[in-house]
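Student: My questions will all concern the structure given below.
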Amino acid sequence: MKRSGSVFVVLVVFLSIIGCTSTNKAVNSTSESTPIIDDGITNISYKEIPFSEIKVNMEANKNTTTWDGLIVNAYVRPGSTNMYQNFLQISDKLTEGFTNISTAHDDYGNFKYQKLNADQFKNVLRKIDTNKLYKVYIAVYQGKCYITKVEGILTDAEVEAEKAAKITAENEANKYNPKDFAYFIDDFKPAKY
Amino acid sequence: MTKYYASNVVFISQDGMDINFKTSDNAISQYFTIGGRTNLKFGQTVKIYYYVTKNPLTKWVIEAVEFTKGAN
């Protein structure tokens, strides 16, 4: 009787150990099903580097599964676009040496450019001043770069103000006194000549 | 291809939509097409705003004629 009692205790302990192990397994499998990419990109810590060191940093990240964050000073202009990705071109020079970098972190239309969809991305392009040096945030994963943020893009109000200033300057340049003319066409614009 | 210019010239004559100007040194004279009357007088110095286009023949078209300040 005493022996069968101790066998029972051993059995209970054994079963409870198995139970704990299988519960842990279930928890692990749930966390594994969460895409690592999406988890990582939101928690990247960025470091400021010279533009010329992007390539070195990409190479260093190539065989890892961690996200690195780089900040470079660069001129920005619109890049190419395909069905899944929108690109920005960046360079440390105003007119040359531009590199095409995607703003999506994969090939399936999952845009991570400040969480902008394709239409919003086009709206961002409208605000880029190609003569201005921006702080460009680049996420690097397995040696591939993705632009996640361009700091200092004009606000909607600034874009509108710039547009209004351009129109005012254009109107000013095309101002003329009809009395000074012997003849002029209806939409005469002196600044054109 | 259309190019736009502005030049100081001297008025010679106008006959309907054809108007003739020359340079002040008499080196070049050129007929232009114009869309209205100018009432300019022979020898009057003016600034013309015009374009030249090839489509396929070359056309010289006046878009404005400005009185030259201080001249005439």
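Since every read-out is calculated from the coordinates, none of them should be taken as a lab result. All values reported here derive from a predicted model rather than from experimental measurement. So basically every Cβ, Gly included, is an ideal-geometry build from the backbone, and we count neighbours across all protein chains shown.
Student: Would you kindly derive the ³J(HN,Hα) couplings of region A:48-56 from the backbone phi angles with the Karplus curve 6.51 cos²θ - 1.76 cosθ + 1.60 (θ = phi - 60°), listing them in order in whole Hz, with x for Gly and Pro?
Tutor: Coupling constants for region A:48-56: 7, 9, x, 3, 5, 9, 4, 4, 4 Hz.
Student: Here's a follow-up. To the nearest 0.05, what FRET efficiency results for residue A:192 and residue A:154 with a Förster distance of 22 Å applied to their C-beta separation?
Tutor: Working: r = 28 Å, r/R0 = 1.27.
Efficiency computed from Cβ-Cβ geometry: 0.20.
Student: Which value in nm describes the separation of the simple spin-label points at residue B:13 and residue A:99, placed 7 Å from the Cα toward the beta carbon?
Tutor: With each label placed 7 Å out from Cα toward Cβ, I get 7.0 nm.
Student: With labels modelled as points extended 7 Å from the Cα through the Cβ direction, what inter-label distance (nm, one decimal) is found for residue B:26 paired with residue B:61?
Tutor: Simple spin-label model gives 3.3 nm for this pair.
Student: Right, here's the next one. List the residues, sorted by chain then number, that are 5 or more residues from residue A:142 or on another chain and whose placed amide H is less than 5 Å from its amide H.
Tutor: The list, which skips near neighbours in sequence, is A:64, A:66.
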